[in-house]
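Remarks on the structure that follows.
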């Protein structure tokens, strides 16, 4: 078995162990949809995250992840709001079907892919919300290190 195959098998086992259904069960017993994401893209994640693969192959695997998981968000007709405000047709875009449930996924994945293409192995962001979650997932799938900074607000006593 070659080193690349050993790395791939090892990474697949680590991903499976770290992302078991039991490990991500919420307090109320619900299981997040994110697990289905990991099952669908496990092989591409191993390739994209491993520096032992050629850059072109890593980029192609990462692009496959983006194309299969990000976008194609649903438009839902809002008939009650149409009646309430007197509009003929109103559609709402539901970003919840993106991997992290936000509209920030597309830019986060694009930035992680750009970093990979340029040869960077880490990304640094300042955030306090959804963007940080999206970049964390994008970096995880790309095999990049993420440094996140957030502002701390200190309440002063009067």
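The table that follows gives values for the structure above.
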quantity: Estimated distance in nm for a label pair at residue 87 and residue 42, the labels positioned 7 Å out from Cα along Cα-to-Cβ; calculated: 4.3
quantity: Estimated distance in nm for a label pair at residue 55 and residue 157, the labels positioned 7 Å out from Cα along Cα-to-Cβ; calculated: 5.6
quantity: Cα-projected label distance for residue 110 with residue 126, points at 7 Å along beta-carbon direction, nm; calculated: 2.2
quantity: Per-peptide average of other Cβ atoms within 10 Å, ordering 131-139, 49-57, 109-117 highest first; calculated: 131-139, 109-117, 49-57
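Throughout, read-outs are computed from the coordinates displayed, never taken from laboratory work. All values derive from a computational prediction rather than experimental measurement. In this analysis, Cβ positions are derived from the backbone assuming ideal geometry, glycine residues included, and neighbour counts consider all displayed protein chains.
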